[in-house]
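Taking it in order: structure first as structure tokens, then the write-up.
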Amino acid sequence: MPMSFVSPTAPSHATLPRWRRGLAAALGLVPLLLPLLFGAGEALASRGNPGGFSLAAQSSVPYTATPLRAALDCAAMNTTFANGIPLSAQLIAATAKAPEHCRIRGTLAAEVGFELNLPTQWNGRLWMYGNGGFAGEDNDAPKEAESRETGLSKGFATARTDTGHLSAKEPLATFAYYRPDKLIDHAYRAVHETVVLAKQVIATYYARSASYAYWDGCSTGGRQGMMSAYRYPQDFDGILAGAPTLRWSDVMMKGLSNQRALDSAPTLTQAKLANVFKRVLAKCDAKDGVTDGLISHPPACDFDPAQDLPRCTGATGDDCYSEAEINALARLRAGPRIKGREYFPQHWGVEHPTTSVPWLFLPGSANGLTVFGQSYMKYWAFPNQDPAYDWTKFDFDTDPDRMAHINSLLNPQPDLAAFRDRKGKILTYWGWADAALNVVMGTDYHDAVSARLGAAETQSFYRMFLVPGLAHCGGGYGPNQIDGMTPLIEWVEGGKAPERLRARLLDANGATTYDRAYCAYPKRTAYAGGDPEKAESWRCEEPPAAAAPDTAAAGGCSTGNGSDASLPLLLMGAWFARRRRLGATVQRG
């Protein structure tokens, strides 16, 4: 079946509803839109946050020192490796951004592209960075190059994968059409096979193994890190996982629900959404004892649009709200309604323009999650792929049950005992104002791990930090520059567990607006009085007793144990690829 996003008999653009006009435009501009969706604003698709490594010079572990030197010439790596994988190596001269290094590229079966960069002078560590969205980034895309240079400049050998496709050729979820093997590669296999190879190549090039292997990613990159901890606990010693996509299907359903809510109130503009944020802040900012432009604990915010917004008595304007707009805002907050109950709620505080765009709201267009969701439902969600699928027909009562298989592939389970046993460490952070990936995923998952292993045992290897005003991976109106890698390395190599995670916000002139340090979940960061930019003005408080996590929720943590028959699907991939090629030949004939 040929793939087509737009029917040749489709109605004219002008007659389409807002979501379809925006979706058509977005799909037509996929190469331009993906960088925005993968890393809006400052956020990076690979190295998750612009503050990464900013604390390296202050670290108690001198991990940027490079006392080790390559044992071979780079030219010697132009070879077929012991496991039959051809390597293409090139010596790259030093620049102002990166030292001299050997760049090695190749392809793992079936179509998994990889890149390794091995500095001539080495710090003895491997640093692998993750992908964004549906992945498929080119090795030399600007953000990939920046990540590569960042790691090399700190002395690491670096590794990355495209997970088995290039988004420029197969945008969004289309790469999985008749290719279940490529979906498995994307879900978990590509990262595992790449890091295994990277360790082998490193051992050859330096005549010694890497002392430590680290993972660094946000969003999809965060999910990849958590999946590695679950499926392949020996792959990494330390995992930095920012805002991991722990429940893909839930995120997509949330996006579709949000779009339906927005379409029900077309007069709800970005300006009106920004005014909602001002009123949310006015009601909830001071609940933590200090008025500082942040909501420290959004779940405690009791803003109610039906009670706290002025009603329009005539024509709607930016300063008043219609009944439809108030209902739409309530739905955005409550999340999708599945089988008669509200599911996956979004806390207040995401309405600010720096956090709502493009994930919650994109003026004149479908929101970013809807662009993703439409493709997800066509090619990933259901057993029968359908390029003509219309997301507006999605049934929130029956369709979630059809996603069990995709959930088993994509969702890391809260079984991290093996990763704990091998002394691995996980540091994860999340923005309370993340409109793309709901922080509820993170708290549910951490609670589920704690329920299995015990709270103290979980804290011994897995810590999560929630940051007010932080958008998706970076950006937002709060402290959004975070170095999670330095405290992770200090934890792995120095045994210093991070009690708090520092987060800053610098203005255009480099002056500090916020300089905070947040407590590890489930503790809360509570104001104790004094200058709010001083650490001693805040204390870590235990939360009130919480109910056990609902792991039976649709699309939640209880989505299969991941023991799918991957090998048969991988073998089927070649057959599907041949079938697709033959079909194309028939069509051309």
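The values are calculated or read from the model by the stated rules, or taken from the named source; none is laboratory data. Model, not experiment: these values are computed from the prediction. Glycine also receives a Cβ, built like all others from the backbone with ideal geometry; neighbour counts cover every protein chain displayed. Heavy atoms of the whole protein, side chains included, go into the accessibility calculation; ligands, DNA and RNA do not. Shrake-Rupley method; radii C 1.70, N 1.55, O 1.52, S 1.80 Å.
Could you tell me how many of the residues in segment 384-405 are without any contact (Cβ under 8 Å) to a residue 60 or more places away in the chain and in a loop (DSSP other than H, G, I, E, B)?
The number of residues fulfilling the criteria is 7.
Out of segment 417-434, which residues are over 12 Å from the mean Cα position of the chain (by Cα) and buried (at least 24 other Cβ atoms within 10 Å of the Cβ)?
Phe419, Lys425, Ile426, Leu427, Trp432, Ala433
Could you run through segment 125-164 and say how many residues are of a type in the set (Val, Ile, Thr) and without any contact (Cβ under 8 Å) to a residue 12 or more places away in the chain?
Looking only at that region, the number is 0.
Test each condition in (1) closer than 30 Å to Pro400 by Cα; (2) part of a helix (DSSP H, G or I); (3) charged (D, E, K, R); (4) at pLDDT 50 or above for Glu536 and report the one that comes out false.
(1)
Does any residue of segment 64-79 turn out to be touching a residue at least 40 places away in the same chain (Cβ under 8 Å) and under 28 Å from Lys169 (Cα atoms)?
no
Does segment 146-165 hold any residues that are touching a strand residue (DSSP E or B) at 6+ places or on another chain (Cβ under 8 Å), open to solvent by 10 Å² or more (accessible area, probe 1.4 Å) and outside any loop (DSSP other than H, G, I, E, B), and which are they?
Arg148
Go through the residues of segment 380-396 one by one and say whether even a single one is surrounded by fewer than 24 Cβ atoms within 10 Å (Cβ to Cβ), in contact with a Gly (Cβ under 7 Å, 6 or more places away or on another chain) and charged (D, E, K, R).
Keep residues of segment 380-396 that are surrounded by fewer than 24 Cβ atoms within 10 Å (Cβ to Cβ), which gives 382-396.
Add one more test, that the residue is in contact with a Gly (Cβ under 7 Å, 6 or more places away or on another chain), and what stays is 391.
Those still in the list that are charged (D, E, K, R) too: none.
Checked segment 380-396: no residue is surrounded by fewer than 24 Cβ atoms within 10 Å (Cβ to Cβ), in contact with a Gly (Cβ under 7 Å, 6 or more places away or on another chain) and charged (D, E, K, R).
Residues to consider are Gly136, Gly113, Gly106; find the one that is farther than 21 Å from Pro62 by Cα, at pLDDT 95 or above and not in a strand (DSSP E or B).
After ruling out the rest, the residue left standing is Gly136.
Just to be sure, is Ala565 more than 30 Å from Gly52 (Cβ to Cβ), modelled with pLDDT under 95 and open to solvent by less than 20 Å² (accessible area, probe 1.4 Å)?
no
Looking at Tyr230, Tyr206, Tyr212 in this structure, which one is surrounded by fewer than 24 Cβ atoms within 10 Å (Cβ to Cβ), within 18 Å of the chain's Cα centre (by Cα) and not aliphatic (A, V, I, L, M)?
Tyr230
Would segment 63-73 turn up any residue that is in contact with a helix residue (DSSP H, G or I) (Cβ under 7 Å, 6 or more places away or on another chain), assigned to a loop (DSSP other than H, G, I, E, B), open to solvent by less than 20 Å² (accessible area, probe 1.4 Å) and not small (Gly, Ala, Ser)?
Yes: one or more hits.
Would you check which residues across segment 298-325 are open to solvent by less than 20 Å² (accessible area, probe 1.4 Å) and either among the aromatic types (Phe, Trp, Tyr) or more than 30 Å from Ala503 (Cβ to Cβ) (or both) and list them?
Phe303, Leu309, Tyr321, Glu325, listed by residue number.
Taking the stated definitions as given, is Ile295 closer than 30 Å to Val195 by Cα and buried (at least 17 other Cβ atoms within 10 Å of the Cβ)?
Working: closer than 30 Å to Val195 by Cα: no; buried (at least 17 other Cβ atoms within 10 Å of the Cβ): yes.
It is false that Ile295 is closer than 30 Å to Val195 by Cα and buried (at least 17 other Cβ atoms within 10 Å of the Cβ).
Can you give me the number of residues within segment 406-425 that are in a helix (DSSP H, G or I) and either at pLDDT below 95 or over 16 Å from His192 (Cβ atoms) (or both)?
Of the residues in that region, 6 qualify.
Is there a residue being in a helix (DSSP H, G or I) and crowded, with 24+ Cβ neighbours inside 10 Å anywhere in segment 459-481?
Within segment 459-481, not a single residue is in a helix (DSSP H, G or I) and crowded, with 24+ Cβ neighbours inside 10 Å.
Can you name the residue in segment 520-542 that is surrounded by 20 or more Cβ atoms within 10 Å (Cβ to Cβ) and hydrophobic (A, V, I, L, M, F, W, C) and, of all such residues, is farthest from Thr486 (Cα to Cα)?
The qualifying residue farthest from Thr486 (Cα to Cα) is Trp538.
Name the residues in segment 114-145 that are open to solvent by 10 Å² or more (accessible area, probe 1.4 Å) and closer than 17 Å to His186 by Cα, would you?
If the condition is that a residue be open to solvent by 10 Å² or more (accessible area, probe 1.4 Å) and closer than 17 Å to His186 by Cα, then Glu137, Asp138, Asn139 are the ones that fit.
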